[in-house]
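Worksheet for the structure shown next.
Read-outs throughout are calculated quantities, based only on the coordinates presented, and are distinct from any laboratory measurement. What you are looking at is a predicted structure, and each value in this text was computed from that prediction instead of being measured. Positions of Cβ are backbone-derived with ideal geometry, glycine not excepted, and every protein chain shown enters the neighbour counts.
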Amino acid sequence: MNGIVRISSRDADLGDGMLVRRLLPSRLQRMVGAWCFLDHAGPVDFPAGKGMHVGAHPHVGLQTFTWLIEGEVMHRDSLGNEQLIRPGQVNLMTAGRGIVHTEDSVADGQRLHAAQLWIALPPEAEDCPPDFAHHPVLPQWQAHGAQLTLLAGTYGRATAPTRLFSPLLGLDVASDGATALKLELDPDFEYGLLPLCGDLTLAGEHFHTDEFAYLGQGRRELPLALNARTRVLLLGGRPFEQPIVMWWNFVGHSKAAIAAAQREWESGDGSRFGRVKHDEGRRLLAPPLPWATR
């Protein structure tokens, strides 16, 4: 199939009955550039009294990247940030040495549709100070009846405002009607494509919602035929040279670094992982490490 790998999603439970579809990492493909994690949440209409409520949890060695399509979510973190994210906006949190945050639906009983991604930090940045940025305005333009929104990196003459530590691309393409278009690619990047809703034809193969297409490296263009009411997420990046270790909410470059972060979270030591205001005592517990530690 022209070197394209088809990856099906798997369900993941975020707690309190909140199910998402996980695409990265998978046994077929761990990463796309520095993109090392991709969850697709929704679209879901929560019943009365229900919503997304993710308790306080830590991160190290990564950036969390939230692309909101429908709904409203409140982000709070241990730096004291409290930010409402609305459709068409990106929240970018750099964990670096360590940060804690919560995520909550603003009102229960609402609709939610979002993509949650992680970006692995390279070794020289994995212990950088934590940071948070909100991006309410992103480059947008029309092409062949589709609306393109640049979430990360550079495409053509447009550059997204999101601060990155590795060469990456994030591009959202949405169309109300059926259309065909051709996207320009960097042959030095590897790419992956996810239909967030609707379906499309790629290299003669049909892809439905939540079927991830890993495209590999070496392509200069990507012809797409989108059916009506289709939205896709294109991810790209230069292949990540350093192997990473992922466990729970941590990313690092050694098992020792992950184990140290987990010990500090479990101990409640606030020197690395601070408290989130208004967390109402909600604090997620880390599962046991899957390897032996001394």
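Please list 3J(HN,Hα) in residue order for the range 270-280, calculated via the Karplus relation 6.51 cos²θ - 1.76 cosθ + 1.60 where θ = phi - 60°; whole Hz, with x for glycine and proline.
With coefficients 6.51, -1.76 and 1.60, one gets x, 5, 10, 10, x, 9, 9, 4, 6, 7, 6 Hz.
Let's see if you can work this out: charge +1 on each Lys and Arg Cβ, -1 on each Asp and Glu Cβ, no other charges. What is the dipole magnitude of the chain about its Cα centre, in debye to the nearest 20?
The calculation lands at about 340 debye.
Taking the dipole about the Cα centre of the chain, with the C-beta of Lys and Arg at +1 and of Asp and Glu at -1, give me whichever of Pro239, Thr159, Gly198 is farthest to the positive side.
It is Pro239.
Once amide H atoms are built 1.01 Å from N in the peptide plane, which residues 5 or more positions from Gln110, or in another chain, come under 5 Å H to H?
It is Phe46, by chain and number.
Report ³J(HN,Hα) in whole Hz for each residue of the range 260-267, in order, from the Karplus equation J = 6.51 cos²θ - 1.76 cosθ + 1.60 where θ = phi - 60°; Gly and Pro get x.
These are the phi-based 3J(HN,Hα) values: 5, 4, 5, 4, 5, 5, 5, 6 Hz.
Put +1 on the Cβ of each Lys and Arg and -1 on the Cβ of each Asp and Glu in the range 168-289; which of Leu185, Ala228, Gly274 then has its Cα farthest toward the positive end of the dipole?
Value: Gly274.
Can you tell which of Leu235, Leu62, Leu202 shows the greatest fluctuation in a Gaussian network model of the chain with Cα springs below 10 Å?
Leu202
Hey, what did the range 5-237 get for relative contact order, percent, Cα under 8 Å, at least 6 apart?
Relative contact order of the range 5-237: 20 percent.
Could you list which residues have their amide H under 5 Å from that of Leu185, counting only those 5 or more apart in sequence or on another chain, with H placed in the peptide plane?
For Leu185, the qualifying residues are Glu221, Leu222.
Order of 240-246, 225-231, 51-57 by packing, highest average Cβ count within 10 Å first?
51-57, 225-231, 240-246
Take the alpha carbon atoms of the range 20-75, find their center, do the same for the range 129-189, and report the distance between the two centers in whole angstrom.
Their Cα centres are 18 Å away from one another.
Given points 7 Å out from each Cα along the Cα-Cβ axis, report the Lys277 to Gln147 separation in nanometres with one decimal.
Here the answer is 3.4 nm between the modelled labels.
Please turn the phi angles of the range 211-225 into ³J(HN,Hα) values with the Karplus equation 6.51 cos²θ - 1.76 cosθ + 1.60 (θ = phi - 60°), one per residue in order, whole Hz, x for glycine and proline.
10, 8, 10, 8, 9, x, 10, x, 8, 9, 8, 9, x, 10, 10
Give me the lysines in straight-line cross-link reach of Lys277: C-alpha distance below 24 Å, same-chain residues under 8 apart excluded.
Lys50
How big is D, in µm² s⁻¹, for the range 5-237 by Stokes-Einstein at 20 °C and 1.002 mPa s if Rh is the Kirkwood radius over C-alpha pairs?
119
Name the residue, out of Leu68, Leu183, Leu194, whose mean-square fluctuation peaks in a Gaussian network model built on the chain with Cα pairs under 10 Å.
For the chain, modelled as a Gaussian network with Cα springs under 10 Å, the answer is Leu183.
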